[in-house]
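The values are calculated or read from the model by the stated rules, or taken from the named source; none is laboratory data. In this text, all values refer to a predicted model and were calculated from it rather than measured experimentally. So basically every Cβ, Gly included, is an ideal-geometry build from the backbone, and we count neighbours across all protein chains shown.
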Amino acid sequence: MGTRILAGRTAVVSGARRGIGAAIAEALLAAGARVVVCGRDAVQVEAAVTGLRGRGFAGAEGFGGDLHTAEARAELLTAAGAVDILVNNAGGFLRTTTTLDATDEEWDEQLRANLTLPFLLCRAVLPGMLGRGWGRIINVGSVTATAPQLGNAIGYVAAKSGLVGFTRQLALEVAGTGVTANVVNPGTVGTEHLADYFAASPQVSEAELAQRIPMGRLGRPREIAALIPCIASDDAAFLTGAVIDVNGGAVTA
Ligand SMILES: NC(=O)c1ccc[n+]([C@@H]2O[C@H](COP(=O)([O-])OP(=O)(O)OC[C@H]3O[C@@H](n4cnc5c(N)ncnc54)[C@H](OP(=O)(O)O)[C@@H]3O)[C@@H](O)[C@H]2O)c1
């Protein structure tokens with residue numbers, strides 16, 4: 001991405017202090033956007049922002065808080081100002097669960113983080129986007145919405161599949177307003193989160209996951225992130241309600 005196609009735009013990226021979200025924040029910054037890096041822990045967010053600024057990305061800002069609360073979402077909107085681009089990236093799961101062994105708490109938490117939080121953030125930024133007649137909502141889903149995959153978590157799969165339906169419906173609701181909504185579904189990507197998952201789910205290994213992918217390796221965060229500035233650009237105005245798979249060919253699990 002050589003050109004600053006997002007100059008003058010403000011982006012909010014949830015869960016952006018590390019992993020895919022951090023790569024997305026960096027890609028948006030490189031494309032000229034001002035980027036608000038969100039995370040629950042203010043200290044960790046500040047460290048990420050300091051790192052980005054140290055690498056010359058002066059447009060990096062941080063927001064620490066639990067965006068499940070209306071107060072934090074209001075604070076975020078005040079801090080960010082007009083949000084042009086929302087990337088719902090926060091999410092994930094740790095323990096592999098099945099329908100039989102998932103606890104109520106795990107199910108609720110996985111839906112909350114992976115589906116309810118994106119909905120709440122979309123609802124918070126949408127009035128401003130509609131008022132200005134321009135907006136880009138990009139929801140980060142998962143390959144599990146495309147193909148079922150053993151070794152996953154049942155609530156996470158349900159949430160990421162729900163995210164596809166939610167995004168398509170939202171795209172339809174706002175079609176023609178200048179606001180678009182799309183899903184990017186990553187395959188397995190080597191991130192800190194994946195390391196946490198291996199620790200919590202020792203029956204799964206990186207080699208085994210890589211073997212399931214036709215390209216024979218895990219994805220890299222920047223290979224997901226590279227797409228985001230394109231989807232957020234003016235020229236992507238006709239792309240909406242799309243589900244974009246970035247998974248090394250892993251269309252079957
Ligand atoms: N890595 C993969 O293989 C893979 C594959 C498919 C899809 N994805 C999706 O890609 C996105 C990024 O994943 P990643 O691997 O980069 O993970 P990551 O390194 O853990 O980053 C995700 C961030 O989400 C936030 N988060 C996690 N649980 C949350 C919760 N309960 N409530 C609010 N925020 C929460 C965390 O931010 P804070 O702790 O700073 O709040 C975390 O840093 C996720 O939506 C994930 O489901 C990842």
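Would you be able to tell me the number of residues in region 171-203 that are touching an Asp or Glu at 6+ places or on another chain (Cβ under 8 Å) and over 18 Å from ALA16 (Cβ atoms)?
Of the residues in region 171-203, 3 are touching an Asp or Glu at 6+ places or on another chain (Cβ under 8 Å) and over 18 Å from ALA16 (Cβ atoms).
Quick check on this structure: which one of LEU94, LEU120 is surrounded by 14 or more Cβ atoms within 10 Å (Cβ to Cβ) and modelled with pLDDT under 95?
Values: LEU120 fails: modelled with pLDDT under 95.
So the residue among LEU94, LEU120 that is surrounded by 14 or more Cβ atoms within 10 Å (Cβ to Cβ) and modelled with pLDDT under 95 is LEU94.
Picking from ASP84, ASP66, which residue would you name as being of a type in the set (Asp, Glu) and surrounded by fewer than 19 Cβ atoms within 10 Å (Cβ to Cβ)?
Values: ASP84 fails: surrounded by fewer than 19 Cβ atoms within 10 Å (Cβ to Cβ).
It is ASP66.
Can you name every residue in region 139-148 that is part of a helix (DSSP H, G or I) and closer than 19 Å to LEU117 by Cβ?
Listed by number, the residues that qualify are THR144, ALA145.
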